[in-house]
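The values are calculated or read from the model by the stated rules, or taken from the named source; none is laboratory data. Because the structure is a prediction, the values reported are computed rather than measured. Virtual Cβ from ideal backbone geometry, glycine too; neighbours counted across all protein chains shown. Quick note on the areas: whole protein, heavy atoms, side chains included, nothing else; ligands and nucleic acids left out. Shrake-Rupley method; radii C 1.70, N 1.55, O 1.52, S 1.80 Å.
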Amino acid sequence: MSRRDSPVPPSESDTLSELSLARSDSGDELPDADDEPEPIPAGLQPKGDQRSDTVLLLPSLFKGLPATIWFEYPTFLRLTRDEARDCTVDLSDKRLLPLLFKSDRTINCILNVCKRSGFTRLLKGQSFNLYWGHHLNERAMRNLGPSQVVNHFPGSYGIGRKDHLWKNVSRMQRQHPAAYDFCAKSYLLPRDREAFERDFEEGEVYIVKPPAGAEGRGIRLINKIDQLPRGSVQMLVQRYLGEPHLVNNKKYDLRIYVAVTSFDPLRIYTFKEGLARFATSDYVEIHSNKSIKDRYMHLTNYSVNKKSKEFVKNTDASRDDEGSKWSLTALFKHLQGHGVDVSALQARIDDLMIKTIIAVEHSVVSKCNAMCYNRAKCFELFGFDVLLDRQLKPWLIEVNVACSLASSSPLDKTIKNTLMSDLFHLIGIIPFDRKGQQEEIEERKRSRLLHGNSVGIKRRNIFDLQNVPLSELSLEDLEVIMVSEDELRRRGHWRRLLPCKDMITRYLPLFEFPRYRNLILAKWMEQPDWSLLLPHLSSATVAMGAKGSASANDAESSSPSVRLQAAPSAGLPLALRQAMLSADRRRRSVAPPPLRAGTSSPKTSRRSPSPQVRKSMTASPGFRKTPHSPSFAVPKLRDSYLPLQRGASPFSPSAPSRQGQARLSPSLLLDNFMQGAAHESFDATQEAAAAALAKLSIRRPEVDL
């Protein structure tokens, strides 16, 4: 009996050897042996959540964009994801199942989150929906499909290694010295040995780090030049920040989690919760030969300080301001209690993280275009280590691309399980049919970009775009905005850093090369106009907005805030709800446009068509009554009609002629009409709509489709 057929689960060592894909610095990837998912080995299963049998999807706000997997929080967190829950639907298409995730090591918080949302762990093969592990090499990336998601961008180690981080930051310091003043002067040995000996000052303290080390291994402090490593040993030597901000006389640093969901355009988020890690020995500012050897005083790494007798372990997640590790919220609350402007401090930290990622943006985009353009979808979770000095200026210590997700305490477990649940929900994992997924996605992209347009997509360069208003953007350009806003809707406890309102003046000049999509999002954030996106809303979004508009208009108060609170459309962004309410008010206040020659508009109530209109509507062979609204008819899906241009009114002179036009479903005509009503300035009563549709002589097709 083969192991595939055997009910006995494989050992941990066998599992990891099968799970491992080739790393970027290794040889060829492992052969694709099998694509069959296997159950998680019994010894690797964390206690708690069982795999969910029901998979939920969150539909997009916009037409043509795919639905994404809805991720629940693990039950022990006692959290519920309420935003947009009413919009979810069950995943019933068996072709899109099973949902598979693959990991080259066992991480409990990932197992908890994936099982809770209906995923099964894949032990062999490459047909996963989600991969979490080391960087994949070029061959592995090229073999992935466009709906498969991996947790590293090619080239993200450009800030993940200490030596590469300094190379990129120092390059930006030469180009923008005032903007990149948050990293201490550093030297790469043996390359910069002469420069270090020239700049060395007697009595100054320097910290020596291995360029690719982790968990505090190999880090030491020196104050004499003869303590410098000799030979060809590669080391990073950095000026020591000797005046850190102290809490309870202890040095500390901040671990802040940052997610990048795209590098072109650049979209950055920061998690609202993080960790403050404390040293376990009291800090002494006068550094003697003895004190600089005290690792428990100068290093804040958990892996170092947990060995100290003074280390205090957290035992209760609700008491997050005790022990040697605090939550970021608890630290900011402590600082605020001591008169610190926490909002300004957070803004400085946000600025530091954005600029650090911009420093490596050009390299990552170049590698992505070469290795995974239109292939796998990548994302990255960075762990930023930030130190505050006595003046509360943030300094960048290092960036981790493989930050620890181990749960060594109840506080760690709570933060990291919430982090991973919100991260997977944010990135938007799309279920896919494993048979012919490439052809299906390409066809959907073509139909989405060209539907309703009689001419091809106009291509503009970035110099043309600078003087183009948002109202003249092509559908392909608007899709960049729609994807960004769809993603923001799924943010959970993440907070968006980029794009931001002042992106054009503050951050675009820092990019190595201007990017077309970055400028689109920058122009959108500078002055967003949701009315431009109303014609592209999905029918479900329109229906939800219609309910909200009716409820808001029936509210007693005329205050906009009261109307928004009354709207049962909490699953929609606030700005979108405001735009839909504004469009609804304009539509109600503007008089109907003149009808075509030979038609008349009965003077009846908007909500209740006259008997004559109802008779003309039901007499048309392409219409039928609905059980929920017997006074209003909708077209049958199989009937034919003459298509309209996107956003055009059936009554406008620009409506297409009968000759040379393909016949499509009248349900799309009605959808076009309802979408256009929210975008155009015309207003039409139900009576006018019925009369116009009747004139089109809609008939049943002779062949049953």
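Observations on the structure shown:
- Lys501 satisfies every condition listed in (1) in contact with an Asp or Glu (Cβ under 7 Å, 6 or more places away or on another chain); (2) in contact (Cβ under 8 Å) with a residue 60 or more places away in the chain; (3) not hydroxyl-bearing (Ser, Thr, Tyr) except (2).
- Taking the numbered list (1) assigned to a helix (DSSP H, G or I); (2) in contact with a Leu (Cβ under 9 Å, 6 or more places away or on another chain); (3) not small (Gly, Ala, Ser) in turn, Thr505 passes all entries but (2).
- Look at (1) touching a residue at least 12 places away in the same chain (Cβ under 8 Å); (2) not in a loop (DSSP other than H, G, I, E, B) and you find that Gln173 fails only one, number (1).
- The stretch 218-232 residues that are touching a residue at least 40 places away in the same chain (Cβ under 8 Å), paired with ones that are among the aromatic types (Phe, Trp, Tyr) (beta carbon under 8 Å, 6 or more apart): Leu221/Tyr206; Leu221/Tyr240; Ile222/Tyr206; Asn223/Tyr206
- Within the stretch 176-206, tally of residues that are closer than 16 Å to Leu396 by Cα and touching a His at 6+ places or on another chain (Cβ under 8 Å): 0
- Residue list for the stretch 89-98, restricted to those being part of a loop (DSSP other than H, G, I, E, B) and either over 22 Å from the mean Cα position of the chain (by Cα) or under 18 Å from His152 (Cα atoms) (or both): Ser92, Asp93, Leu97, Pro98
- Looking only at the stretch 241-250, and only at residues there that are in contact (Cβ under 8 Å) with a residue 40 or more places away in the chain and of a type outside the set (A, V, I, L, M, F, W, C), the one that is surrounded by the most Cβ atoms within 10 Å (Cβ to Cβ): Pro244
- Test: Phe101 is in contact with a Lys or Arg (Cβ under 8 Å, 6 or more places away or on another chain), modelled with pLDDT of 90 or more, part of a loop (DSSP other than H, G, I, E, B) and open to solvent by less than 50 Å² (accessible area, probe 1.4 Å): no
- With respect to the conditions (1) modelled with pLDDT under 90; (2) assigned to a loop (DSSP other than H, G, I, E, B), Ile429 falls short on a single one, namely (1).
The rows are residues; the columns are (1) at pLDDT 95 or above; (2) part of a loop (DSSP other than H, G, I, E, B).
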{"position": "Ser366", "(1), (2)": "no, no"}
{"position": "Asn374", "(1), (2)": "no, yes"}
{"position": "Val386", "(1), (2)": "yes, no"}
{"position": "Leu405", "(1), (2)": "no, yes"}
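- Looking across the stretch 242-261, just one residue is in contact with a Leu (Cβ under 6 Å, 6 or more places away or on another chain) and assigned to a loop (DSSP other than H, G, I, E, B), and that is His245.
- Residues satisfying the criterion are absent from the stretch 202-209 (criterion: more than 19 Å from Phe263 (Cβ to Cβ), touching a strand residue (DSSP E or B) at 6+ places or on another chain (Cβ under 8 Å), in a helix (DSSP H, G or I) and at pLDDT below 95).
- Filter pass, Tyr296 being modelled with pLDDT of 90 or more and either small (Gly, Ala, Ser) or more than 16 Å from Ile219 (Cβ to Cβ) (or both): no
Residue by residue, here is whether (1) of a type in the set (A, V, I, L, M, F, W, C); (2) open to solvent by 10 Å² or more (accessible area, probe 1.4 Å) holds:
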site: Leu392; (1), (2): yes, yes
site: Leu396; (1), (2): yes, no
site: Val399; (1), (2): yes, no
site: Ala402; (1), (2): yes, yes
site: Ser408; (1), (2): no, yes
site: Asn417; (1), (2): no, no
site: Met420; (1), (2): yes, no
site: Phe424; (1), (2): yes, no
site: Gly428; (1), (2): no, no
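- Qualifying residue in the stretch 335-343 (condition: on the phi > 0 side of the Ramachandran plot and open to solvent by 10 Å² or more (accessible area, probe 1.4 Å)): yes
- The listed residue being in contact (Cβ under 8 Å) with a residue 12 or more places away in the chain, under 30 Å from Phe513 (Cβ atoms) and buried (at least 17 other Cβ atoms within 10 Å of the Cβ), out of Thr300, Thr261: Thr261
- Residue in the stretch 284-305 that is part of a strand (DSSP E or B) and of a type outside the set (A, V, I, L, M, F, W, C) present: no
- Residue check for Ala276: small (Gly, Ala, Ser) and either part of a helix (DSSP H, G or I) or crowded, with 18+ Cβ neighbours inside 10 Å (or both): yes
- Check on Ala140, open to solvent by less than 20 Å² (accessible area, probe 1.4 Å) and modelled with pLDDT under 90: yes
- Taking the conditions (1) at pLDDT 60 or above; (2) assigned to a loop (DSSP other than H, G, I, E, B); (3) in contact with a helix residue (DSSP H, G or I) (Cβ under 9 Å, 6 or more places away or on another chain); (4) loosely packed, with under 14 Cβ neighbours inside 10 Å in turn, Ser557 satisfies each one other than (1).
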